[in-house]
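Notes follow the structure.
The values are calculated or read from the model by the stated rules, or taken from the named source; none is laboratory data. Quick caveat, the model's predicted, so the values are computed rather than measured. Every residue, glycine among them, receives a Cβ derived from its backbone with ideal geometry; neighbour counts consider all protein chains shown.
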Number of protein chains: 2
Amino acid sequence: MDERALISTFFDRRPAAGRPARPDVILGIGDDAAVLRLDPGFDLVVATDSIAEGTHFPAGTPAASVGHRCLAVNLSDIAAMAAEPLWFSLALSLPESDEAWVGEFARGLFELADRFGVELVGGDTVRGPLGATVTIQGRARPGRTVLRSGAAPGDGVWVTGHPGDAVAGRLLLPEPASDPAAEALRQRFLYPEPRVREGMALAGVATAMLDVSDGLDDDLRKLLAASGVGAEMDAGVLPLSDELRSIRAGTALECALTGGDDYELCFTVRSADEPQLRAIATAWPVPVTRIGTVVPGAGCRWRLRGQALAVPDTTYRHF
Amino acid sequence: MDERALISTFFDRRPAAGRPARPDVILGIGDDAAVLRLDPGFDLVVATDSIAEGTHFPAGTPAASVGHRCLAVNLSDIAAMAAEPLWFSLALSLPESDEAWVGEFARGLFELADRFGVELVGGDTVRGPLGATVTIQGRARPGRTVLRSGAAPGDGVWVTGHPGDAVAGRLLLPEPASDPAAEALRQRFLYPEPRVREGMALAGVATAMLDVSDGLDDDLRKLLAASGVGAEMDAGVLPLSDELRSIRAGTALECALTGGDDYELCFTVRSADEPQLRAIATAWPVPVTRIGTVVPGAGCRWRLRGQALAVPDTTYRHF
């Protein structure tokens, strides 16, 4: 199957009439570029993220997971801006034209895309090492995006969901696990759920926000540095999942602090706005937990049961 | 040098004050996503194209050329829509952190970006085989983009510049050539000039358009198929450059018909609009040549001095 057949078979899902599904997609896949209509009164929000075999997922990762994850990591970036995702492009690099693999990849990709109503509007397919780059476009009202730079002393530091699950799950790849807790963690790595609706609901509530991709401690330090502040953090209140505690008994806390791939949201909220946050979050499928407080100065100081806790710098570096 | 240092040293060119250069870039590199302001009354035009070592350029290609080409192929896609390029993202895959290489890559990239006033607003850097994916955003007035599907019988078929030069130049890589004609061809491959201003000027004039990336015959067939028409073409009027005739004496015509990487524009114009086209094109730095006529039916029939000319299908296929 050549490139054109791959695209028309697996990726071009326009109805036969030639009309794309979203009314704001004036022209989708098939020409030199897509033509998209941004509603008046919105800014455009754009993110690009790549995943590559060996670096971001091990060889043997199910194709549906690769399709899911290449879009999920980008949806997560849009969520971390409190923006609404709209359209995306896909640059796919394949070592061979394996129709079964591409079919599964597309299934995982579109299952997620359809759930959030985002449409594939273009891309490129080349022969090369397995990997995918997605560029996503979203929208937000001017001034309503939540940047990394808005945290101020006194704000609470919050995180959604259960950090650490994904890295624990990654260590259990590639075979399905017979233990239910282990399999739950594995699914958390394979199919991370971007917190899109949660992120959008935080516009006007969060003062600063990012998504946890490199690890909670490492990513939080980026937010604090961008805001010119520090934080006092309590590792004792980290929302460790039962599955993580069960499977990684001795290292659950380390997983939560330094493990990447969670794609949870980490954000700051003024103390006065905590009741509003708690009211919003009652509708969420994941818990939201206050794990610290922004302070003047710099750096991120973790404590556990009153004792200072040194967090090892285990962040993955490409170079 | 780690990823953050690479980005801040070579790619983050915001002034110290933190303000990006284009006033419509509300937030550039450094957060989870960029925030961009599309002026009212415009549609968004988005293209994605990848280039990879071994497939799109040979090992040893100068880094400045790789930087130039990854953006040029995307500018060319926007040009082929008759749209105005605005912003781009870059996903760069590097086998190692080679500062000298990245510096040269960035020089080639930004030399071209600055010339067309487009701004880098985000991206991703990963370790992997050498390659780059650019996603570019442009704008056009609603209904003013030129698609592949608008050609009608009677329209003339036109091409800018000198097709065939780039493939001839590619065959002369990687060392600089002492022969001036050979070096000129080599430069045409290394530093293709996207026809951005020419493409924009063709809004309202061209009935269909694409850019020549895979080869003139192959790309023209895509345009004809999208328009549901055929064409009678005259290979005898193809604008072969003196350099191409000199270096590829026996195969100049084949280079022009089947060689890719030209990034010239191929488009159709109603006969009644030819005077307008000729008037516009007097300002262009490249010639524009009528090379055929759209006819009812399907397919692309080339003739040379009255004889039918079979064009071999030499299009590169990834799979």
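Among the residues of the stretch A:28-47 satisfying the criterion of being facing chain B (nearest Cβ under 7 Å) and among the acidic types (Asp, Glu), which is surrounded by the most Cβ atoms within 10 Å (Cβ to Cβ)?
A:32
Name the residues in the stretch A:92-101 that are surrounded by fewer than 23 Cβ atoms within 10 Å (Cβ to Cβ) and either within 16 Å of the chain's Cα centre (by Cα) or outside any loop (DSSP other than H, G, I, E, B) (or both), would you? Steps first, please.
The first filter runs over the stretch A:92-101 and keeps only residues surrounded by fewer than 23 Cβ atoms within 10 Å (Cβ to Cβ), leaving A:94-101.
Passing the criteria: A:94, A:99, A:100, A:101.
Select from the stretch A:92-107 the residues that are in contact with a Phe, Trp or Tyr (Cβ under 9 Å, 6 or more places away or on another chain) and within 12 Å of chain B (Cβ to nearest Cβ) and list them in ascending order.
If the condition is that a residue be in contact with a Phe, Trp or Tyr (Cβ under 9 Å, 6 or more places away or on another chain) and within 12 Å of chain B (Cβ to nearest Cβ), then A:92, A:94, A:96, A:97, A:99, A:102 are the ones that fit.
When you scan the stretch B:294-309, do you find a residue that is surrounded by 14 or more Cβ atoms within 10 Å (Cβ to Cβ) and of a type in the set (S, T, N, Q), even just one?
Checked against the condition, which is being surrounded by 14 or more Cβ atoms within 10 Å (Cβ to Cβ) and of a type in the set (S, T, N, Q), the stretch B:294-309 yields no hits at all.
Here is a list: A:239, A:176, A:192, A:275. Which entry is at pLDDT below 95 and either crowded, with 19+ Cβ neighbours inside 10 Å or over 21 Å from residue A:49 (Cα atoms) (or both)?
A:176
Can you name every residue in the stretch B:149-173 that is over 15 Å from the mean Cα position of the chain (by Cα) and either in a strand (DSSP E or B) or crowded, with 24+ Cβ neighbours inside 10 Å (or both)?
B:151, B:155, B:156, B:157, B:158, B:168, B:169
Sort out which residues of the stretch B:219-230 are in a helix (DSSP H, G or I) and away from every other protein chain (no Cβ under 11 Å), and write them in order of number. Walk me through how you get there before you give the answer.
Going through the stretch B:219-230, the residues in a helix (DSSP H, G or I) turn out to be B:219-227.
Listed by number, the residues that qualify are B:220, B:221, B:224, B:227.
Starting from residues that are under 19 Å from residue B:48 (Cβ atoms), more than 10 Å from every other protein chain (Cβ to nearest Cβ) and surrounded by fewer than 20 Cβ atoms within 10 Å (Cβ to Cβ), keep the ones in the stretch A:8-27 and report whichever is modelled with the lowest pLDDT.
Checking each candidate, the answer is A:14.
Given the condition within 22 Å of residue A:141 (Cβ to Cβ), among the β-branched types (Val, Ile, Thr) and either free of Cβ contacts under 8 Å to residues at least 12 places away in the same chain or buried (at least 19 other Cβ atoms within 10 Å of the Cβ) (or both), answer yes or no: does some residue in the stretch B:68-88 qualify? Lay out the reasoning, then the answer.
Going through the stretch B:68-88, the residues within 22 Å of residue A:141 (Cβ to Cβ) turn out to be B:86-87.
Checking which are among the β-branched types (Val, Ile, Thr) leaves us with none.
There is no residue in the stretch B:68-88 that is within 22 Å of residue A:141 (Cβ to Cβ), among the β-branched types (Val, Ile, Thr) and either free of Cβ contacts under 8 Å to residues at least 12 places away in the same chain or buried (at least 19 other Cβ atoms within 10 Å of the Cβ) (or both).
Only one of these is of a type in the set (Val, Ile, Thr) and touching a His at 6+ places or on another chain (Cβ under 9 Å): A:73, A:102. Name it. Steps first, answer last, please.
Details: A:102 fails: touching a His at 6+ places or on another chain (Cβ under 9 Å).
Being of a type in the set (Val, Ile, Thr) and touching a His at 6+ places or on another chain (Cβ under 9 Å) holds for just one of A:73, A:102, which is A:73.
Here is a list of conditions, (1) in a helix (DSSP H, G or I); (2) touching a Leu at 6+ places or on another chain (Cβ under 6 Å); (3) of a type in the set (Asp, Glu), and residue A:104 meets all of them except one; can you say which number that is?
Every condition holds for residue A:104 apart from (2).
Taking the stretch A:63-104 only, how many residues are farther than 28 Å from residue A:1 by Cα and at pLDDT below 95?
Qualifying residue count for the region: 0.
Among the numbered criteria (1) more than 23 Å from residue A:92 (Cα to Cα); (2) more than 19 Å from the chain's Cα centre (by Cα), which single criterion is violated by residue B:33?
Every listed condition holds for residue B:33 apart from (1).
Only one of A:89, A:50, A:76, A:65 is out of contact with any Asp or Glu (no Cβ under 7 Å at 6 or more places or on another chain) and either in a loop (DSSP other than H, G, I, E, B) or at the interface with chain B (Cβ under 10 Å from one of its Cβ atoms) (or both). Can you tell me which?
Working: A:50 fails: out of contact with any Asp or Glu (no Cβ under 7 Å at 6 or more places or on another chain); A:76 fails: out of contact with any Asp or Glu (no Cβ under 7 Å at 6 or more places or on another chain); A:65 fails: either in a loop (DSSP other than H, G, I, E, B) or at the interface with chain B (Cβ under 10 Å from one of its Cβ atoms) (or both).
After applying the criteria, what remains is A:89.
What do you reckon, is residue B:112 of a type in the set (A, V, I, L, M, F, W, C), in contact with a Lys or Arg (Cβ under 8 Å, 6 or more places away or on another chain), closer than 17 Å to residue B:65 by Cα and surrounded by 21 or more Cβ atoms within 10 Å (Cβ to Cβ)?
On the way: of a type in the set (A, V, I, L, M, F, W, C): yes; in contact with a Lys or Arg (Cβ under 8 Å, 6 or more places away or on another chain): no; closer than 17 Å to residue B:65 by Cα: yes; surrounded by 21 or more Cβ atoms within 10 Å (Cβ to Cβ): yes.
Here the answer is no, as residue B:112 does not meet what is asked.
Considering only the stretch B:134-147, I want to know if a residue exists there that is surrounded by fewer than 24 Cβ atoms within 10 Å (Cβ to Cβ), assigned to a strand (DSSP E or B) and of a type in the set (Val, Ile, Thr).
No; the residues of the stretch B:134-147 include none that is surrounded by fewer than 24 Cβ atoms within 10 Å (Cβ to Cβ), assigned to a strand (DSSP E or B) and of a type in the set (Val, Ile, Thr).
So residue A:251 passes all but one of these: (1) closer than 30 Å to residue A:50 by Cβ; (2) among the β-branched types (Val, Ile, Thr); (3) modelled with pLDDT of 95 or more. Which condition number does it fail?
Single failed check for residue A:251: (3).
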